[in-house]
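Structure, as C-alpha cells:
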Amino acid sequence: MKTSDKIVDYLKQQGPSTAKVLAEQFSLTTMGVRQHLQALEDEGMLTFEDRKAARGRPTRYWSLTPKSNQLFPNKHDELTAQLIESVKVVFGDSGLEQLIAHRETSSKQVYQQALADKQGILAKLQTLADLRSQEGYVAKVEAEQDHFWLLENHCPICAAASSCANFCRSELQLFQWLFADSADISREEHIIEGARRCAYKVVPLV
C-alpha cells in the first residue's frame, strides 16, 4: 500500500491528526509526511485546521474531505438511490419496508452464524467488525473501562441511507438483536447526520 493510501486510511479510522503523529506512525520524517499531505490536499482529499496550542504556534491538524469518500467503496451510490426511488414508486412504502426487512433477515443469518462460537462481548464485537469491514464499513472495536465502541468509519450504503433513514434504523436494530442477551447498544454518532463516523456504544448488561 502506498504511503498516501496509508495516510488516508489512518485518518479515516483515527480522525484528524498532525504531521508529527503521522510521521511517527509510518516511520517517516515530518518533511516527508508533509509532502504527502500537500499532494493529497492538492487533489482535494485533505483539508487542515490550525488549532491553538497551550504555548507556541498553533498546531495543524489534517483531516479528510467529503471528496475522499470516492477512495472507499460506495456500492454505486447513484444507482442505489435510483433503485430505492423506483421501489417507492412501484411498490409503495410497504414494498420498501419489505425490502429492508429482507436485507435485515439475510444479515441476521450471516452475522448470527459467524458470532455463534465466539465467547464474550469483545470477541463477538471484533468478529462483527471484521464482517462489517469486509462489507466496506472500515469498522473497528475500542474498549473502555465499562463499555465498548463499535466504530464504522465509512458508510458504503450512504446513498441508500440518505434516501431512506429506515436502512439506518434497521442496522441499529440488527446490532441490538445480536447482543440482546448481553449488552445495550445505542448509536451515539451518525454519518448521515454529519458526523465523521457511525459510533455504536455497547454497554454490557449487569
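The values are calculated or read from the model by the stated rules, or taken from the named source; none is laboratory data. Computed from a predicted model, the values in this text were never measured in an experiment. Backbone-built Cβ (ideal geometry, glycine too); neighbour counts: all protein chains shown. Note: accessible area is taken over every heavy atom of the protein model, side chains too, but ligands, DNA and RNA are not part of it. Shrake-Rupley method; radii C 1.70, N 1.55, O 1.52, S 1.80 Å.
Residues of the stretch 148-172 that are at pLDDT 90 or above and either open to solvent by 10 Å² or more (accessible area, probe 1.4 Å) or over 12 Å from the mean Cα position of the chain (by Cα) (or both): F148, W149, L172.
Is it the case that E135 is in contact with a Pro (Cβ under 7 Å, 6 or more places away or on another chain), modelled with pLDDT under 95 and open to solvent by 40 Å² or more (accessible area, probe 1.4 Å)? Yes, satisfied.
D130 meets all of the listed conditions (1) at pLDDT 95 or above; (2) over 13 Å from the mean Cα position of the chain (by Cα) but one, namely (2).
Could you please find all residues in the stretch 42-69 being surrounded by 15 or more Cβ atoms within 10 Å (Cβ to Cβ), out of contact with any Lys or Arg (no Cβ under 9 Å at 6 or more places or on another chain) and not hydrophobic (A, V, I, L, M, F, W, C)? Once the filter is applied, which keeps residues that are surrounded by 15 or more Cβ atoms within 10 Å (Cβ to Cβ), out of contact with any Lys or Arg (no Cβ under 9 Å at 6 or more places or on another chain) and not hydrophobic (A, V, I, L, M, F, W, C), the stretch 42-69 yields T47, N69. Please verify whether R34 is out of contact with any Lys or Arg (no Cβ under 8 Å at 6 or more places or on another chain), farther than 20 Å from K140 by Cβ and not in a loop (DSSP other than H, G, I, E, B), treating the condition exactly as stated. It is true that R34 is out of contact with any Lys or Arg (no Cβ under 8 Å at 6 or more places or on another chain), farther than 20 Å from K140 by Cβ and not in a loop (DSSP other than H, G, I, E, B).
Scan the stretch 108-132 for residues that are free of Cβ contacts under 8 Å to residues at least 60 places away in the same chain and open to solvent by less than 40 Å² (accessible area, probe 1.4 Å) and the total you get is 7.
Restricting the stretch 70-100 to residues that are of a type in the set (A, V, I, L, M) and open to solvent by 70 Å² or more (accessible area, probe 1.4 Å), the residue that is modelled with the highest pLDDT is L71. Tell me, yes or no, whether the stretch 196-203 has at least one residue that is open to solvent by 50 Å² or more (accessible area, probe 1.4 Å) and without any contact (Cβ under 8 Å) to a residue 40 or more places away in the chain. Within the stretch 196-203, not a single residue is open to solvent by 50 Å² or more (accessible area, probe 1.4 Å) and without any contact (Cβ under 8 Å) to a residue 40 or more places away in the chain. Taking the conditions exactly as written (under 20 Å from V138 (Cβ atoms) and open to solvent by 90 Å² or more (accessible area, probe 1.4 Å)), does E24 satisfy them or not? No: the conditions fail for E24.
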